[in-house]
Amino acid sequence: MKTGVIGLGAMGGPMALNLHRAGHLAAVWNRTRAKAEAIAAETGCALAADPAELARHCEFVITCVSADEDLLAVIDALLPGLEAGKIVGDTSTVSADTAREAARRLQPGGAAFIDLPVSGGVEGARKGTLAMMAGGSAEVVDRARPVLAALAARVVHMGPVGSGQATKAVNQIMVAGIVQGISEALAFGQAQGLDMDKVIEVIGGGAAASWLLQHRGPTMVRGEYDVGFKVALHLKDLRICQEMAAAKGATLETVAATMEQYRSLIEQGHGDEDISSLHRLKRAQFR
């Protein structure tokens, strides 16, 4: 299936390369043209002048953008190049309502929309081992699976459009709690004078084991917070979770606390660091 990618950042760029290696990549477009030029030069795919041109080249369009308003702007820009039977799949993290609005805008022309948020970080995007939460028609998701297999180790159909994004919200809430617990616990362990490599080794084999402990624990204790998933982006995602909860009359205490601490990190100039930099604040509590 001829596939195009719109949005070639930390996640979208590696996904485009994986699609190329699997023989699916037909075209790319990015708001910052240089990124698209680099991938087109590396892969030999078409460099689209705009989203509509990319849509004319492709049967399946994958989007990977930063915010709800960006997704809807891309959907509107795609419309002139879409026709019945084509698929747009969005791997961004946006609200479930935004996913449903994107589907509504595509419906008159007969193109299908599926929301395909992912988990697994930049590492997963590079390795093609992401976990993908799909919302939309089961038939459309199944048509897309041969392409999605180049991006994700698991593609789970969660229900109608918006279900993928609702599942991603669950993931982002859980990540907030996990990064809180790991960063605080490791800061505590350091204050006790423990050998933290051994702490991570033994705890990583027990009930407290997690992806974040395995992949971010060692760098946390070394004070290294290279970009994996930016603080500013998780703050944006948690704001979406907070709004979705408020619509149901609920508050999310862990989310609220994490958002406050992320704002402190951003004020200190750490908004582009990985979320594991929450450890900075936890470590500072111990003297």
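For the criterion of being open to solvent by less than 70 Å² (accessible area, probe 1.4 Å), assigned to a helix (DSSP H, G or I) and either over 23 Å from Lys86 (Cβ atoms) or in contact with a helix residue (DSSP H, G or I) (Cβ under 9 Å, 6 or more places away or on another chain) (or both), Gln180 passes. The residue that is nearest to Gly193 (Cα to Cα), among those in the range 243-287 that are surrounded by fewer than 18 Cβ atoms within 10 Å (Cβ to Cβ) and among the polar types (S, T, N, Q), is Gln285.
For the range 22-76, a residue qualifies if it is surrounded by 15 or more Cβ atoms within 10 Å (Cβ to Cβ), charged (D, E, K, R) and under 26 Å from Val140 (Cβ atoms), and the qualifying residues are Glu53, Arg56, Glu59, Asp68, Asp70.
Taken over the range 92-117, the residue count meeting the criterion of being open to solvent by less than 40 Å² (accessible area, probe 1.4 Å), in contact with a helix residue (DSSP H, G or I) (Cβ under 7 Å, 6 or more places away or on another chain) and not acidic (Asp, Glu) is 14. Reported count of residues in the range 236-264, each being hydrophobic (A, V, I, L, M, F, W, C) and in contact (Cβ under 8 Å) with a residue 12 or more places away in the chain, is 9.
The values are calculated or read from the model by the stated rules, or taken from the named source; none is laboratory data. What you see is a predicted model; the values in this text were computed from it and never measured. Methodologically, a virtual Cβ is constructed for each residue, glycine included, from the backbone with ideal geometry; neighbour enumeration extends over all protein chains shown. Quick note on the areas: whole protein, heavy atoms, side chains included, nothing else; ligands and nucleic acids left out. Shrake-Rupley method; radii C 1.70, N 1.55, O 1.52, S 1.80 Å.
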